[in-house]
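**Q** I'd like to ask you about the structure that follows.
The values are calculated or read from the model by the stated rules, or taken from the named source; none is laboratory data. Note that this is a predicted model, so its numbers are computed, not measured. Every residue, glycine as well, gets a Cβ built from its backbone with ideal geometry; the counts of neighbours run over all protein chains shown.
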Amino acid sequence: MDLIDSALHEHGSANRRELERPVGGRYWGPGRFQEALRQAVAEGRAKRLPRGQFAPLGDSSS
């Protein structure tokens with residue numbers, strides 16, 4: 001989740017696929033990236049935006 005949080009703060013809002021690239025989520029194993037993203041939202045480290053986008057907490061402009 002630290003990688004997801006860092007990537008969102010560094011690159012801004014992104015959809016799941018765009019976010020998966022910089023953190024290497026494709027190689028984490030089946031379902032692990034999606035679960036980490038879900039957990040990041042649940043813990044308030046990221047937020048869901050319309051159209052499948054995710055943003056760092058505190059970023060309401062993206």
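Per-residue answers, yes or no, for (1) modelled with pLDDT of 95 or more; (2) farther than 13 Å from residue 53 by Cβ:
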residue: 4; (1), (2): no, yes
residue: 12; (1), (2): no, no
residue: 28; (1), (2): yes, yes
residue: 32; (1), (2): yes, yes
residue: 36; (1), (2): yes, yes
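**Q** Just checking, does segment 15-27 include any residue being surrounded by 13 or more Cβ atoms within 10 Å (Cβ to Cβ) and aromatic (Phe, Trp, Tyr)?
**A** no
**Q** Considering only segment 54-62, I want to know if a residue exists there that is assigned to a helix (DSSP H, G or I) and without any contact (Cβ under 8 Å) to a residue 40 or more places away in the chain.
**A** No, because not a single residue in segment 54-62 is assigned to a helix (DSSP H, G or I) and without any contact (Cβ under 8 Å) to a residue 40 or more places away in the chain.
**Q** Taking segment 47-62 as the search range and keeping residues that are modelled with pLDDT under 95 and surrounded by 12 or more Cβ atoms within 10 Å (Cβ to Cβ), which one is nearest to residue 10 (Cα to Cα)?
**A** Residue satisfying both the conditions and the ranking: 56.
**Q** Within segment 25-47, count every residue that is within 12 Å of residue 1 (Cα to Cα) and either among the small types (Gly, Ala, Ser) or touching an Asp or Glu at 6+ places or on another chain (Cβ under 7 Å) (or both).
**A** Count: 8.
**Q** Within the set of pairs 6+ apart or on separate chains, which have a first residue in segment 5-26 that is part of a helix (DSSP H, G or I), a second that is of a type in the set (Lys, Arg), and C-beta atoms under 7 Å apart?
**A** Once the first residue is part of a helix (DSSP H, G or I) and sits in segment 5-26, its partners that are of a type in the set (Lys, Arg) give 5/45; 20/26.
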